[in-house]
Every structure is written in C-alpha cells, then in structure tokens.
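Colleague: Mind having a look at this structure? Questions to follow.
The values are calculated or read from the model by the stated rules, or taken from the named source; none is laboratory data. Predicted model, so just to flag it, every value in this text is computed and none were measured. Because the Cβ atoms are built from the backbone with ideal geometry, glycine has one as well, and the counts that use them run over all protein chains shown.
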Amino acid sequence: MSRFKPSPFVSAIVAIFILAACGGTTSTGGGLGSGDLLVGVIAPFTGADAGLGPAYYAACLAAAPSINSNGGVGGRNVKCEQFDTRGEPADAVPAANKMIASNSNLMAVVGCTSDEAATVAPIIDRAHIPMFCMTGQSEFNKTALKYFHRLVPADVYDAFAMVGSALFGPGHDPYKKAALVFGDDIGSQAFVAPATNAFTHLGGTIAINQPIHLGASSYRTEVAAMLKTNPDVILTEALGSAGTYLKEVKTQNGGKMIPFIGSSATIDPTWFQQVRDAIGINDLLKYYGGVDLGYTFSGPAYSEFLTNLNAAASTFADAPKYKQRGSTLHLYDGIIMAALAMVATNSADPKVYNSKIIDIANGTSGATVVNTYKDGVAALKAGKSIRFVGAGGENNFDQYNNSQSGYILVGYDKDGNEVTVGHLTPDQTSKLIAAGG
C-alpha cells in the first residue's frame, strides 16, 4: 500500500479546495457524446514516493487499448494523463484542481494514494468523478464519498498479514521478537499500532519501534540502535529507502541478514531492484517474506492486460515491469469497469454511470461473467447484465465501495517474479484480526 503524509491546511489551500467543490466535468446527460475521454492518474511521480505513480500510469496505458481497439466508449477513445502530487497534500490539491478544471472529458481518476487521498478524494467526489484510489487509510473504511472506490484492503489488514507471516509463516519457527521499521510519515505509521497489538496479544514482543525518515542517505545510527535489541525479524514498509537501510543492516551485522517481512507494496519491481542491489540476490531470496492478495496472474483478463502492458513499452519503457504489481492490475480493472458502466447506461454523465460500476463489479442476479472489455460490450449489446472479473480477480464491494479479499504469503524468484509460499488459514486470520483490534 501507499502512505499518507498530512500537513496543516493553509488558507490558500482551503480556498482552492472550496473552489474545486464547485468544479466538475460537463454533464452530457443521455448518450455517450464525442471526442476523446481522459483517465487522470493523480499520484506521486516525483518526491520520496515517486515509485508509486508509474505503477498506476502503467495500468491506464494497458487499459486504454483494451477499450480503444474494441470500439472505444461509444466510439470515443480513452487517453491517459499524469498529474503529479509529489506525495504532498499541499501539491496534490492544485494538481487535482488542474485535472478537473481543464478536462471536461474526465471519465475516471486512478491513483489518489495515501499521500494525498484525504485531500484530493473529497475534491474529486464533489466534482462527481468516479475514482479508484490506492489508499489504505482507515478513514475510508466507512466513507461517505459516493464516487470513491477502493479495490484493495485497508492498511490494517496488511499489518495483520505481516504479523501472520512472522508467527505462522512456513519455513521458519515463529518469530517472537520483532523490529518495526516503517517510514516516519503518518501513512506508514498506520501499520504500527495494529501490528503491535496483534503481535503482542499473540505472544510476541516488539524489540523496537523505529520510524525512519524516507529518503535519507544513511541509516547508520538507526540500524545500530535496532541491532542492539536483537530482533528475530524486521517488519517494514520503507519504499525508496529499504535498500539503504537493509544494506546497513548487513554491513553492521557482520555480513549477515536478519529476516525481514514487507507489506504488499514491497511486491514492486523498483523495490526488488533496490534491495537486490543492496544486499545481493541470494540474501533477498533467503531472508525476504511478503504478503499479497492471492493473484493468479493467469486467465483471459490477465493475458490481455499483459499483452497491452508489454506493448506500452513503446511509450513508457518501464510498463512491463508492473506485470505482477497488484495496484496496476486493480486500476486496470477499475478503468475497464468505468468504461463498461458508461456503455451499460449509454451515458457520459458520471452522475448516471457511477452507480453502475458496483453492479458490474459485484454482479447482479443472473449476470453473465465477462473478463474483457470486448466481451462485456458484446454482452451488454445483447441485453445481458454483466459481472466483470478482471486481471485482479473478483471484486466484492461493500456499501462503502470497499472491496475486500484474502492474503497469501509470498517471496521472490531470482527474476523478481512473485512466488506464493503459503496461506493464512481462516482461523489464523480471525485470530490476527481479533488480536489487532
């Protein structure tokens, strides 16, 4: 997951926020209209979390050809545009305003990470634009925002899964003494309380809770303090800084690594490369454990996604690297579902088609399961209701537009591909949730 680093609102930002509340796309009522449609990718493309934006942009680059090569949305092609939040709320607000004010053809927004979701999601909602957000913040667990959609669990469940990997994971005795090494931003620190509660209530001990400042050039002092506590395992999500920190661990620990368990956001090509280069591929494969949502990376939806992602390398060279990035799969699915909702309602007015997204995701009684945009359009034209099961698998939205699914325990192979190493049983999951509450 991504993270959130709030800062106090200054009067100028508040003023911008209020102006954005009055904005929005031009309502077209019935009919799909004409001209290109835009998917806005609002996320960090620079700053400490610059690795997040490209994964979301890749999702749009894969989804657009799925739509455009099959008639578009009533003949309208889909395009993708980046809006850089720099991972800061103060920068995210004007980026959201610009995106909305300058694009009357905005059909959906993807991204809105924990760095900026608390500030931009209300703006996007007031503009009546469907959004698919990669925020794990608990404040969205029961959100009143009608245009907000979350296709991944809240960060608290990532925390429980990491604890489950430490206590119940295969291939090792239970780790009983954990160091918590997360970024010092509020979003990263959101993992700490649930992880601490679950770990300690199930018999473990927190050796040290060590917030680190992301992007630092050295963690010599922090690592020395951590090693003095003699932990069995490190639980972490320090995007952009994991390589620097873990290299220092190996250096100060006599060339030996300590097992480390990462959140689902550590299933990422940039993270893999940084840590591999820092500690070596053998230690990465031996000592790393992660958690993820049980993707199959197979089937017709994934095959089309992968074909389009590889083709997108002609315009974005790094696109193919995100073939196993969960957020990329989910946002691809979200864009496809938004387009299908427009076709199903024969409307380019988001106030009309937004509610249809949930029907297409969850399915209604007698719905035909479809896996591609092409098949979805064909079924709709034949008068059928549909349920879209995409590259990320089934969605099960609740009344707050949050979709939940279960966790698996994973590692990497030498090429950076995800490898499933185990599962959390329903009983283990129940214990973790009860202990962490």
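Colleague: Given the criterion outside the structural domain of I261 (by TED's automatic domain parsing) and more than 16 Å from the chain's Cα centre (by Cα), identify the matching residue among D427, D398, D413. Steps first, answer last, please.
Modeller: Numbers: D427 fails: outside the structural domain of I261 (by TED's automatic domain parsing); D413 fails: outside the structural domain of I261 (by TED's automatic domain parsing).
After applying the criteria, what remains is D398.
Colleague: Another question about this same structure. Restricting to segment 335-366, count the residues that are aliphatic (A, V, I, L, M) and closer than 21 Å to S405 by Cα.
Modeller: Going through segment 335-366 one residue at a time, the tally reaches 8.
Colleague: Filtering segment 274-291 down to residues that are buried (at least 20 other Cβ atoms within 10 Å of the Cβ) and either of a type in the set (V, I, T) or closer than 27 Å to R387 by Cβ (or both), which residue is farthest from the chain's Cα centre (by Cα)?
Modeller: I279
Colleague: Are any residues in segment 91-119 of a type in the set (V, I, T) and modelled with pLDDT under 95, and if so, which ones?
Modeller: Selection gives T113 alone.
Colleague: Would you tally the residues in segment 414-430 being surrounded by 15 or more Cβ atoms within 10 Å (Cβ to Cβ) and among the small types (G, A, S)?
Modeller: So the count comes out to 2.
Colleague: Further, regarding this structure: Quick check: is even one residue across segment 235-245 at pLDDT 95 or above, in a strand (DSSP E or B) and of a type in the set (A, V, I, L, M)?
Modeller: The answer is yes, given that some residue of segment 235-245 is at pLDDT 95 or above, in a strand (DSSP E or B) and of a type in the set (A, V, I, L, M).
Colleague: Which condition does A225 not pass, out of (1) surrounded by 14 or more Cβ atoms within 10 Å (Cβ to Cβ); (2) over 23 Å from the mean Cα position of the chain (by Cα); (3) part of a helix (DSSP H, G or I), if it passes all the others?
Modeller: All conditions pass for A225, except number (1).
Colleague: Run down I335, I433, I358 and say which single residue is hydrophobic (A, V, I, L, M, F, W, C), surrounded by 20 or more Cβ atoms within 10 Å (Cβ to Cβ) and in a helix (DSSP H, G or I).
Modeller: I335
Colleague: While we're on this one: Any idea which of (1) surrounded by fewer than 18 Cβ atoms within 10 Å (Cβ to Cβ); (2) in a strand (DSSP E or B) is the one C80 doesn't satisfy?
Modeller: (1)
Colleague: Let me ask something else about it. Output the residue which, of all residues in segment 277-327 that are of a type in the set (K, R) and part of a helix (DSSP H, G or I), is farthest from V410 (Cα to Cα).
Modeller: K321
Colleague: How many residues, within segment 310-361, are of a type in the set (K, R) and closer than 15 Å to V377 by Cα? Walk me through it before giving the result.
Modeller: Step one: list which residues in segment 310-361 are of a type in the set (K, R), which gives 321, 323, 325, 351, 356.
Checking which are closer than 15 Å to V377 by Cα leaves us with 356.
Count: 1.
Colleague: Now for a different question. Return the residues of segment 102-139 that are part of a helix (DSSP H, G or I), surrounded by fewer than 23 Cβ atoms within 10 Å (Cβ to Cβ) and either within 13 Å of the chain's Cα centre (by Cα) or of a type outside the set (D, E, K, R) (or both); say none if nothing qualifies. Give the derivation first.
Modeller: Kept after step one, since they are part of a helix (DSSP H, G or I), are these residues of segment 102-139: 117-126, 138-139.
Adding the requirement that they be surrounded by fewer than 23 Cβ atoms within 10 Å (Cβ to Cβ) leaves 118, 122, 125-126, 138-139.
Passing the criteria: A118, P122, S138.
Colleague: Which of the residues spanning segment 172-205 are surrounded by fewer than 16 Cβ atoms within 10 Å (Cβ to Cβ) and over 28 Å from the mean Cα position of the chain (by Cα)?
Modeller: Residues satisfying the conditions are H172, D173, P174, H201, G203, T205.
Colleague: If you don't mind, there's one more thing I want to ask. Could you tell me whether V343 is among the hydrophobic types (A, V, I, L, M, F, W, C), in contact with a Ser or Thr (Cβ under 6 Å, 6 or more places away or on another chain) and either assigned to a helix (DSSP H, G or I) or over 30 Å from S104 (Cα atoms) (or both)?
Modeller: Spelling it out, it is not the case that V343 is among the hydrophobic types (A, V, I, L, M, F, W, C), in contact with a Ser or Thr (Cβ under 6 Å, 6 or more places away or on another chain) and either assigned to a helix (DSSP H, G or I) or over 30 Å from S104 (Cα atoms) (or both).
Colleague: Same structure again: Would you mind telling me which numbered condition in (1) within 18 Å of E418 (Cα to Cα); (2) crowded, with 19+ Cβ neighbours inside 10 Å Q210 fails?
Modeller: Just one mismatch for Q210, condition (1).
Colleague: Residue check: is A265 of a type outside the set (D, E, K, R), under 15 Å from the mean Cα position of the chain (by Cα) and part of a helix (DSSP H, G or I)?
Modeller: Values: of a type outside the set (D, E, K, R): yes; under 15 Å from the mean Cα position of the chain (by Cα): yes; part of a helix (DSSP H, G or I): yes.
Considered against the rule, which asks whether it is of a type outside the set (D, E, K, R), under 15 Å from the mean Cα position of the chain (by Cα) and part of a helix (DSSP H, G or I), A265 comes out as yes.
Colleague: Ok, one more. Pairs only if they're at least six apart or on different chains, beta carbon under 8 angstrom, first in segment 376-391 and buried (at least 18 other Cβ atoms within 10 Å of the Cβ), second assigned to a helix (DSSP H, G or I) and of a type in the set (D, E); list them, first residue then second.
Modeller: Matching pairs, first to second residue: F388/D333; G390/D333; A391/E304; A391/D333.
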